[in-house]
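A.B. asks: Structure provided below as structure tokens; questions to follow.
The values are calculated or read from the model by the stated rules, or taken from the named source; none is laboratory data. Since the model is a prediction, treat every value here as computed from it, not as a measurement. Here the Cβ positions follow ideal geometry from the backbone for every residue, glycine too, while neighbour counts run over all protein chains shown.
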Amino acid sequence: MSTLPPTIAQHFDGRGKDVRATYDRILAIAREWGDVKPEAKKTSIHLLRGATSFAGIATRKDALILTLKSASDIRSPRIQKSEQTSANRWHLEVRLTNAKEVDHELQQWMRASYALATT
């Protein structure tokens, strides 16, 4: 049995083409802000700013779940789950089925999460 960590490509095995296209759009946008390193984990892909994760991406058959950090709760029907992890930190989950959903609103949330991940 292999103990090697999964590759990013393996997270997209058996997934719809829109799942990879959505991931690629998220990554391209995040890289406009600075150095972003994707890191494959067992059940997700983390996007790192320096050594700190600012986003988590879990792939599903026809969607991906994007988890972002926030300094406050955000009330939106787009957010499937919000969890307060400390006094001033929230984790927010958004389900995305295609790259068009990575719109201005979502990019603002991503940018705020990126800013929280100070190096």
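A.B. asks: Select, from S44, S53, the only residue that is of a type in the set (S, T, Y), within 23 Å of G16 (Cα to Cα) and modelled with pLDDT of 95 or more.
C.D. replies: The conditions single out S44.
A.B. asks: If we keep just the residues of the stretch 23-68 that are among the basic types (K, R) and in a helix (DSSP H, G or I), which is surrounded by the most Cβ atoms within 10 Å (Cβ to Cβ)?
C.D. replies: Ranking the candidates gives R25 first.
A.B. asks: Listed residues L64, L47; which is touching a Gly at 6+ places or on another chain (Cβ under 8 Å) and among the hydrophobic types (A, V, I, L, M, F, W, C)?
C.D. replies: Going through L64, L47 in turn, the sole match is L47.
A.B. asks: If you don't mind, there's one more thing I want to ask. Among the residues in the stretch 90-106, are any among the hydrophobic types (A, V, I, L, M, F, W, C) and over 19 Å from R25 (Cβ atoms)?
C.D. replies: Within the stretch 90-106 (the criterion being among the hydrophobic types (A, V, I, L, M, F, W, C) and over 19 Å from R25 (Cβ atoms)), the answer is yes, since at least one residue qualifies.
A.B. asks: Of all residues in the stretch 69-119, which are of a type in the set (S, T, N, Q) and either within 15 Å of S53 (Cα to Cα) or in a loop (DSSP other than H, G, I, E, B) (or both)?
C.D. replies: Within the stretch 69-119, S70, S72, S76, T85, N88, T97, N98, S113, T118, T119 qualify.
A.B. asks: Tell me, which residue of the stretch 74-83 that is at pLDDT 95 or above and not aliphatic (A, V, I, L, M) is surrounded by the fewest Cβ atoms within 10 Å (Cβ to Cβ)?
C.D. replies: Per the criteria, the residue is P77.
A.B. asks: Sort through E101, E32, E39 and tell me the only one that's among the acidic types (D, E) and closer than 16 Å to S113 by Cα.
C.D. replies: Result of the check over E101, E32, E39: E32.
A.B. asks: Of all residues in the stretch 3-22, which are assigned to a helix (DSSP H, G or I) and either of a type outside the set (D, E, K, R) or in contact with a Lys or Arg (Cβ under 6 Å, 6 or more places away or on another chain) (or both)?
C.D. replies: A9, Q10, H11, F12, V19, A21, T22, listed by residue number.
A.B. asks: In the set I65, I57, I79, which member is of a type in the set (A, V, I, L, M) and more than 25 Å from D35 (Cβ to Cβ)?
C.D. replies: I79
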